[in-house]
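Let me begin by presenting the structure, written as structure tokens, before commenting on it.
Quick note: the coordinates plus some simple rules give every number you see, no bench work behind them. Being a predicted model, the structure only gives us computed values, none of them experimental. Reconstructed Cβ throughout: ideal geometry from the backbone, glycine too, with neighbour counts over all protein chains shown.
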DNA sequence: CCAAAAGTGTTTGCCCTACACCCATGT
DNA sequence: ACATGGGTGTAGGGCAAACACTTTTGG
């Protein structure tokens with residue numbers, strides 16, 4: 001048996017989007033040296049637990065959520081003192097969720113769980129602020145070449161929601177007509193016959209749904225999703 | 001202290017390119033159950049060793065090489081029996097090297113170290129074949145949006161080398177004129193005044209060098225490297 | 001003079017960009 | 001009727017794609 005004394009943890013950077021604001025989920029620690037400090041949800045991996053299962057469990061336990069999209073981001077293990085108790089290597093996961101689907105609840109190790117606007121995030125414990133920075137970059141990049149924006153929206157959404165999401169995350173203006181034209185040309189959203197009105201006034205808009213099956217089909221045929229606007 | 005009994009390892013997927021063929025580095029195990037089995041270079045992380053340092057050390061020890069490019073690829077830890085002795089999580093690294101820079105030598109744990117053409121790679125031990133597949137995909141993708149092809153070539157190279165590298169890795173034909181035009185338009189390669197002739201006949205070609213400084217400068221100014229040809 | 005590889009411009013068509021007005025609803 | 005947000009078409013320019021001949025060297 002190898003003599004090695006390193007512990008392994010997972011952490012989740014969970015993004016949520018609502019009404020023009022991008023949020024990140026953080027939890028407040030209840031125990032240990034960093035009590036009351038805000039950190040990312042996460043924890044140690046169990047001996048017989050796959051990494052993915054570990055993140056999913058932690059997100060459930062610490063904040064009561066189940067995500068729409070989850071992928072491995074990066075493993076943090078170059079700073080051997082990133083946790084000052086003992087050596088911990090953390091596998092960070094990038095996740096997307098529609099915040100409206102959940103009421104946050106902190107049950108196990110977390111005192112509190114809360115959404116923070118990305119741009120008003122307090123300094124987090126450990127190297128978690130770096131993780132958020134990296135994940136935020138990944139989100140920006142990935143949004144342009146993979147249809148992950150839909151995982152931040154509900155099942156049904158207005159075109160303006162989608163457009164605002166892109167504007168907000170990519171931090172630039174988008175031409176409404178060109179955007180709609182492009183998305184529709186992909187053929188991966190379906191128009192429903194429902195119309196809704198959001199604010200107090202204004203014309204109601206049609207609801208759309210993302211057609212994941214169609215997207216998967218297209219991917220097999222060398223389709224390339226790509227949104228890049230000036 | 002947390003009760004956890006998981007070991008952590010690193011593995012390297014090292015690509016080399018020479019004369020129209022893409023190679024991967026593998027080593028033959030000298031000890032243990034998988035003796036004589038080909039696997040990727042790698043090994044356990046030391047308690048006080050950053051992950052990056054661990055891969056670099058293993059590549060040096062097991063094959064005597066130092067790479068041009070190294071980045072984290074993915075952490076393999078979902079299959080809890082990927083190593084059947086005990087639970088091991090492996091952080092896989094993606095690396096590029098110019099094979100002409102090194103004579104492979106296997107000194108420590110490895111019986112032998114050898115370059116295999118990617119398309120004629122034997123089945124590797126553990127889940128290392130999956131790692132190679134993933135790394136190969138990463139290489140193909142990254143080649144189109146980051147100038148990492150240069151890390152597979154020597155300091156000086158012919159334009160035809162670069163072109164063939166792209167052809168070979170992306171597995172499609174490239175129009176020589178359009179390719180040269182595009183690369184030159186980026187302004188990230190410099191023409192030297194040297195000319196060399198490769199085969200027995202044919203017109204000698206000019207040597208070029210990659211201008212990394214210029215590239216880094218351009219990156220700060222919102223430059224986007226991008227090679228995608230029909 | 002023939003074979004082999006390097007070097008070089010132009011035309012065409014498509015897609016991205018830019019841009020402004022009408023429509024449906026609530027107050 | 002006005003304010004608010006939804007919905008729509010077109011013209012021009014730039015860039016990528018397609019394409020073939022000349023040059024230099026060795027045998």
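What the table shows:
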quantity	calculated
Residue order, fewest to most beta carbons within 10 Å, for B:151, B:47	B:47, B:151
0 to 90° range, to nearest 10: angle between helix A:128-145 axis and chain A longest Cα axis	30 degrees
Pairwise Cα inverse-distance average, inverted: Kirkwood Rh of the stretch A:34-79 (Å)	12.1 Å
Distance histogram for chain B (every C-alpha pair counted, 10 angstrom bins, percent rounded to whole numbers)	7, 30, 32, 20, 9, 2, 0
Relative contact order of the stretch A:6-128, defined on C-alpha pairs under 8 angstrom at six or more residues apart (%)	38 percent
Cα-based equivalent ellipsoid of the stretch A:88-191: semi-axis lengths in Å, sorted from largest, via gyration tensor	30, 17, 13
The stretch A:32-139 - Debye-derived log10 I(q)/I(0), Cα point model, q = 0.11, 0.14, 0.22, 0.23 Å⁻¹	-0.34, -0.57, -1.65, -1.82
Nearest beta-carbon to the B/A symmetry axis - residue in chain B, distance in Å	B:75, 2
Residue exposure sequence - A:203, A:82, B:176 - by fewest surrounding Cβ within 10 Å	A:203, B:176, A:82
Kirkwood hydrodynamic radius (C-alpha pairs) into Stokes-Einstein, the stretch B:143-230, 37 °C and 0.692 mPa s, D in µm²/s	239 µm²/s
Cα long-axis angle, helix A:176-186 against chain A (0 to 90 degrees, to the nearest 10)	80 degrees
Distribution of pairwise C-alpha distances over the protein assembly as shown, 20 Å bins, in %	21, 50, 27, 2
Stokes-Einstein translational diffusion, the stretch B:1-74 - Kirkwood Rh over all Cα pairs, 1.567 mPa s, 4 °C, in µm²/s	93 µm²/s
Which of A:208, A:86, B:94, B:116 has the fewest Cβ neighbours within 10 Å, and the rest in rising order	A:86, B:116, A:208, B:94
Fluctuation leader among B:35, B:66, B:75 - chain B, Gaussian network, Cα springs under 10 angstrom	B:35
Pairwise centroid distance, computed over Cα atoms, of the stretch B:107-164 with the stretch A:150-216, Å	41 Å
Volume per residue of the C-alpha convex hull in the stretch A:45-106, rounded to whole Å³	102 Å³
Highest-MSF residue in chain A out of A:80, A:89, A:188 [GNM, Cα springs under 10 Å]	A:80
Label spacing, shortest first and in nm, from residue A:202 to its equivalents in the remaining copies (7 angstrom along Cα→Cβ)	6.2
At 7 Å out from Cα toward Cβ: residue B:172 inter-copy label distances (nm, ascending)	2.4
GNM result for chain A, Cα springs below 10 Å: residue of A:53, A:92, A:113 fluctuating most strongly	A:53
Chain A, relative contact order [Cα under 8 Å, separation at least 6], %	21 percent
Between 0 and 90°, nearest 10: helix B:51-63 axis offset from chain B longest Cα axis	80 degrees
